[in-house]
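The next block holds one structure in the form of structure tokens; read it before the comments.
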Amino acid sequence: MMSFVRYLLCNRKVFCICKSQCANALISSHGSHRRLFSTTSSRMTVMPAWVIDQYGGNDVLRFTKNASFPVINYPNEVIVKVFAAGLNPLDVSMRGGYGAATLSMKRDPLNIKQSGNEFPLILGRDVSGVIMECGLDVKYFTERDEVWAAIPPWKQGSLAEFVVLSANEVSHKPKTLSHTEAAAIPYVAATAWSALVNTGGLTKDNCAKKRILILGGSGGVGTFAIQMVKAWGAHVTVTCSQNAERFVKGLGADHVVDYTAGPVEEPLSALEKFDLILDNVGGDTERWALNLLKPWSGAKYITLVTPFLQNTDMLGIADGMMQTAATMTTKAVKHLMKGVHYRWGFFAPSGPALDEIREMVDAGQIRAVVEETFSFSQVPEAFEKLEKGHARGKTVVQISKPGDEL
């Protein structure tokens with residue numbers, strides 16, 4: 001078991017999981033390239049992984065050496081050997097069954113398979129590793145390329161030795177980051193990018209001098225968003241607890257409001273109004289937050305705390321989607337009449353977005369925040385630590401040691 005170093009990364013916990021090398025090796029060829037990767041006689045069909053066989057608490061996590069080896073089903077897919085996996089609060093929620101109805105529909109839209117076909121399910125939404133195999137249509141990547149990716153929640157995750165992904169979801173890893181550091185960024189980065197760029201319309205060319213408020217700025221998405229919009233020239237105001245004030249200022253926040261000192265809307269209302277609000281908190285925030293926006297100027301309120309998955313879990317797919325659409329339409333129209341735009345933000349996997357984020361990382365504009373690393377055998381402990389929710393960094397698990405042969 002190797003020892004791990006704590007890195008200052010992008011406000012998510014990173015669990016590092018390591019494994020010992022296997023005794024035997026398999027050599028295969030692909031075109032003019034030759035691959036060598038650790039294997040046993042059964043390793044061409046199975047691999048080690050942490051899985052769940054039902055939804056529940058931490059006790060449902062199970063280690064197995066016989067998880068199904070991922071295969072390329074489409075010509076645009078790649079198989080990645082996992083060096084490090086990042087865990088997010090979403091992994092804890094998914095372990096308990098959050099979003100199961102919608103994710104099952106995404107995995108099996110025609111409802112051909114039996115209920116529960118997602119099991120055994122592998123969690124882990126971030127990956128940093130090396131390309132092992134490419135589909136026939138993959139041109140942008142080759143074997144042995146170092147890559148990172150945010151894994152969609154409807155796909156098998158990164159708490160395993162290998163994972164298969166679409167090449168459109170993968171990006172070359174930043175050269176300035178180790179695999180452990182890199183595994184702290186993709187999921188929160190893709191979520192923040194989707195909310196601020198795709199939904200909010202921000203770009204590096206139009207962000208200068210905009211006033212942006214980030215509610216819940218010391219969390220994973222918040223810490224990434226601070227750095228991104230600050231690098232693009234925005235003025236950034238952040239709400240967080242007093243003990244996180246120095247931390248978020250170190251990431252670039254211009255003004256910090258302590259939400260533990262009293263009703264946070266009061267000091268915020270005394271400030272100049274904002275062009276965009278990113279809400280990572282939810283609850284009754286909507287009741288007062290939209291009043292902080294500049295009216296009739298295209299200002300947007302974007303919340304990442306939406307009832308969509310909860311509605312479909314409780315009401316079923318059809319009724320849940322109808323309820324969600326009605327809620328969204330009612331709120332959007334209500335606030336549009338007041339001169340501001342109300343929007344929901346969602347995670348969206350995107351290799352091209354990670355390409356741009358990689359450039360920002362290598363330019364020193366984005367840094368990752370790794371709270372703690374864990375070995376592969378410590379995945380239950382990693383989930384337990386993440387569930388407590390007190391850390392400012394990413395939890396990362398190291399699956400393999402960089403330098404292991406493919």
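A short reminder: the numbers here are calculations on the coordinates, not readings from a lab. Predicted, not measured: the structure shown is a model, and the values here were computed from it. All Cβ positions, even for glycine, are placed from backbone atoms using ideal geometry, and neighbour counts span all protein chains on display.
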Requested in this report: Quickly work out the residue 53-to-residue 260 label distance, labels modelled 7 Å from Cα along the C-beta direction, and quote it in nm with one decimal.
Outcome: 4.3
Report task. Sort 308, 374 so that the residue with the fewest other Cβ atoms within 10 Å of its own Cβ comes first and the one with the most comes last. Result -> 308, 374
Query - Order by protection proxy (mean Cβ within 10 Å, highest first), peptides 325-337, 74-86, 288-300 - result: 74-86, 288-300, 325-337
Report summary line: Taking a crude spin-label model, label points 7 Å out from Cα along the C-beta direction, the residue 231 to residue 46 distance in nm is 4.3
Report task. Loop only per DSSP, at most 14 neighbouring Cβ atoms within 10 Å: give me the trypsin sites (Lys or Arg not before Pro) in the range 100-180, ordered by residue number. Result -> 113, 139, 144, 175
Query raised in the report: Where Rh is the Kirkwood radius over the Cα pairs of the chain, the temperature 37 °C and the viscosity 0.692 mPa s, what D in µm²/s does Stokes-Einstein return?
Result: 150
**Report entry** Theoretical gain in end-to-end length, residue 64 to residue 314 [0.36 nm per residue, Cα-Cα removed]
**Finding:** 86.8 nm
Report summary line: Distance in Å, no decimals, from the C-alpha centre of the range 259-303 to the one of the range 320-394 is 19
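With runs of 4+ DSSP H residues as the only contributors, calculate the mean residue ellipticity of the chain at 222 nm using -39,500 (n - 2.57) per run, divided by the residue total and rounded to the nearest 500. Spell out each step's value before the answer.
On the way: 12 runs with 104 residues, N = 406.
Computed ellipticity for the chain at 222 nm equals -7000 deg cm²/dmol.
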Query raised in the report: Once the Cβ-Cβ distance between residue 326 and residue 144 is put in as r, and R0 is 41 Å, what FRET efficiency do you end up with, to the nearest 0.05?
Result: 0.20
Report summary line: Here the relative contact order (percent) of the range 254-301, from C-alpha pairs under 8 Å and at least 6 apart, is 38
Query raised in the report: Residue separation times 0.36 nm, minus the C-alpha to C-alpha distance between residue 110 and residue 273: what's the value?
Result: 54.0 nm
Query raised in the report: What share of the DSSP beta bridges in the chain is antiparallel, in percent to the nearest 5?
Result: 55
Report task. Report the extension gain between residue 365 and residue 176 in nm, rounded to one decimal, defined as 0.36 nm multiplied by the number of residues separating them, less their alpha carbon distance. Result -> 66.9 nm
Report summary line: Per residue convex hull volume, Cα only, the range 188-344, in Å³ is 111
